[in-house]
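First the structure, in the form of structure tokens, and then the observations on it.
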Amino acid sequence: MFDFIGSGIDGLYKIFWLIIILYLVVSGGIGYLLRLISKPLKVDFTDRIIKNLDGDFLDLQLLRLYHGINVLNKKDARLVSKAISKGILSEKNFRFLSFAPPIGKFKHGKAEIVLYVALVLLFFASILMVCNSVRTYKYNYASFNAGSERALISEIYVYDPESNEYFNAKQCRELTTATNKKILISACGYLLTKDPAEKKELMTAIENNNSSFIAAMILIVLLFIITSFLTLGYVIYFDTNNKFIDFKNNEERRFE
């Protein structure tokens, strides 16, 4: 029977999109999208205080969207501006912090580093898992198995992954049950068949394999980008956050 890259890939994709959706909800991204929709329709708050509060939230979201500066309130936003003007913080570093938590809440120590390393390792393990799922498949080939035996079939070749041998139509006709594995003979049957239904079954299996193969490659690239971004982003976030808290504490002591 034919098979293609397992349901584990589909599971990872579902988890991947679930993380994105949850992040949008938690970070307030959904609220920002709703504001973009509601403003042209003139849907707004009637209470002046709530309207001002909503305006403050929007300012902070725009600051994060345009400059990557994620802070809890306007006071911290002004302090970030001051720290940048004094050269304590680098404006360039905020480009990597759009998706990071707000800076200025508390200093990050060893416990936070351990948790973040665990998260990076989780993404790295996911990459290895997908790579392991893909390595036994080939593009433009259908995976055909019978029990523990397996062969790959294209439109012109049968490939035996165990012996790393390729068989064309002529070689397939020369195979015998006495000297060759049953899986190869069964796979060659699809290569040599004149039955339109079996040919269509093979082509459908190849198309399914190609779709799954491409999806797996895209997922590997996405996971690699996310892992790299998380690693680089946290190093920058750790440094920026701790510098900002020191600056914030010094500013508060000045006005005590």
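The values are calculated or read from the model by the stated rules, or taken from the named source; none is laboratory data. Owing to the predicted nature of the structure, the values given are computational and were not obtained by experimental measurement. Note that we place each Cβ from the backbone using ideal geometry, even for glycine, and neighbour counts take in every protein chain shown.
May I ask you to list the residues in the stretch 226-243 that are touching a residue at least 40 places away in the same chain (Cβ under 8 Å) and either among the polar types (S, T, N, Q) or over 29 Å from residue 122 (Cα atoms) (or both)? Scanning the stretch 226-243 gives 227, 231, 240, 241, 242.
Looking at the stretch 237-246, is at least one residue touching an Asp or Glu at 6+ places or on another chain (Cβ under 9 Å), surrounded by 13 or more Cβ atoms within 10 Å (Cβ to Cβ) and part of a helix (DSSP H, G or I)? Within the stretch 237-246, one or more residues are touching an Asp or Glu at 6+ places or on another chain (Cβ under 9 Å), surrounded by 13 or more Cβ atoms within 10 Å (Cβ to Cβ) and part of a helix (DSSP H, G or I).
Residue 180 - would you say it is part of a helix (DSSP H, G or I) and not aliphatic (A, V, I, L, M)? No; evaluated as a whole, the condition is false for this residue.
On inspection, residue 202 does not qualify as within 26 Å of the chain's Cα centre (by Cα) and aliphatic (A, V, I, L, M).
Only a single item in (1) surrounded by 11 or more Cβ atoms within 10 Å (Cβ to Cβ); (2) out of contact with any strand residue (DSSP E or B) (no Cβ under 6 Å at 6 or more places or on another chain); (3) assigned to a helix (DSSP H, G or I); (4) not charged (D, E, K, R) is not met by residue 132, and it is number (1). Residues that are modelled with pLDDT under 80 and more than 28 Å from residue 223 (Cα to Cα) within the stretch 75-106 comprise just one, 106.
Here residue 60 meets each of (1) hydrophobic (A, V, I, L, M, F, W, C); (2) part of a helix (DSSP H, G or I); (3) at pLDDT 85 or above with one exception, condition (3).
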